[in-house]
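The values are calculated or read from the model by the stated rules, or taken from the named source; none is laboratory data. Because the structure is a prediction, the values reported are computed rather than measured. Note: ideal-geometry Cβ built from the backbone for every residue, glycine included; neighbour counts use all protein chains shown. The accessibility values were calculated without ligands, DNA or RNA, using every heavy atom of the protein model including side chains. Shrake-Rupley method; radii C 1.70, N 1.55, O 1.52, S 1.80 Å.
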Amino acid sequence: MRAYRIPVALAALLVWAAIYVSELWAPIEAIDGGLGGPALRTGAATAFLFALAGVMGWRDLGLGPPRPWTSLWVFLPPFVLLLAMGWALVEHGLPEADVFGMLVAWMLGVGVSEELMFRGILFRALRARLSHWRAIWITSLLFGAAHLSNGLYFGDLGMAVGHLAAATVIGLFLLAGAWRTGSIVPGMVFHACWNTLVLAFLVGAPPSEVATSMDAESVLFLLLLLAPLFLYSILLLRGVDRPLAAAPGVQTI
């Protein structure tokens, strides 16, 4: 079955995407109508992935707890960024309680679904046949490409490039976190928190303040902002081709 794992994982990605129909911006416009539709699609897509993993007997997806728990330190620097974003959101103004609650629930589902698909099923399949670094870059780039629609929704090339770059770097960090902790569960939580904060800003902002385009300078500025997280991820992934000596028994990628 190992020889067929990559084709099965790629087919799963296509089916998952067809069910998922991940769209960041459309639900914002229809927020008054609730997020039932997107949340149901996310749940269905996630259920498909868990069912597939069960049928295929994939037990190496990193769904266990971090080993050891102290390995969670790798999320501390980005968590400081989340705290800063949260503080800025409070200063900016939180969405209404019911809307914010729906966003939290929906984004938790998104975090679980995307981490299971990319850092779980897809990466493990690629790693079964490719080197660590090839599997890492392919997974991260595919994760970035999956978010192109968020920028292309506005028909703006700069927005598309910006979303591609941001998602690729964040995906790289989440893979580094999965390797260091031996689990994709912390990444699910981080992913959900990140998405919730970003989406809460957009929901609470007047339409006139929501950027619908990015010029070359804006894209360059975004890349500079992403540079520290990119370098941090590369630092965490040093020695990825060997087991973590400091953590015997850790489930390495």
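How about the range 46-63: which of its residues are under 18 Å from the mean Cα position of the chain (by Cα) and part of a loop (DSSP other than H, G, I, E, B)? The answer is LEU61, GLY62, LEU63.
For ALA211, the requirement of being assigned to a helix (DSSP H, G or I) and either over 18 Å from LEU141 (Cα atoms) or at pLDDT 75 or above (or both) is not met.
For every residue, the table says whether it meets (1) buried (at least 16 other Cβ atoms within 10 Å of the Cβ); (2) over 21 Å from TYR232 (Cα atoms).
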site	(1), (2)
PRO77	no, no
TRP87	no, yes
LEU94	no, yes
ALA97	no, yes
ALA105	no, yes
GLY144	yes, no
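Return yes when VAL110 is open to solvent by less than 30 Å² (accessible area, probe 1.4 Å) and either part of a loop (DSSP other than H, G, I, E, B) or modelled with pLDDT of 90 or more (or both) and no when it is not. The answer is yes for VAL110.
Of all residues in the range 45-68, those being open to solvent by 50 Å² or more (accessible area, probe 1.4 Å) and among the aliphatic types (A, V, I, L, M) number 5. Of the listed requirements (1) at pLDDT 80 or above; (2) open to solvent by 20 Å² or more (accessible area, probe 1.4 Å), GLY155 misses just one: (1).
Within the set LEU202, LEU141, the sole residue that is part of a helix (DSSP H, G or I), within 18 Å of ARG127 (Cα to Cα) and at pLDDT 70 or above turns out to be LEU141. Residues that are under 23 Å from PHE173 (Cα atoms), touching a Leu at 6+ places or on another chain (Cβ under 8 Å) and not in a helix (DSSP H, G or I) do not occur anywhere in the range 67-89.
For first residues located in the range 156-171 and closer than 13 Å to SER218 by Cα, partners that are among the polar types (S, T, N, Q) and open to solvent by less than 30 Å² (accessible area, probe 1.4 Å) and lie 6+ apart or on another chain with Cβ distances below 9 Å form the pairs MET159/ASN150; ALA160/ASN150; HIS163/ASN150.
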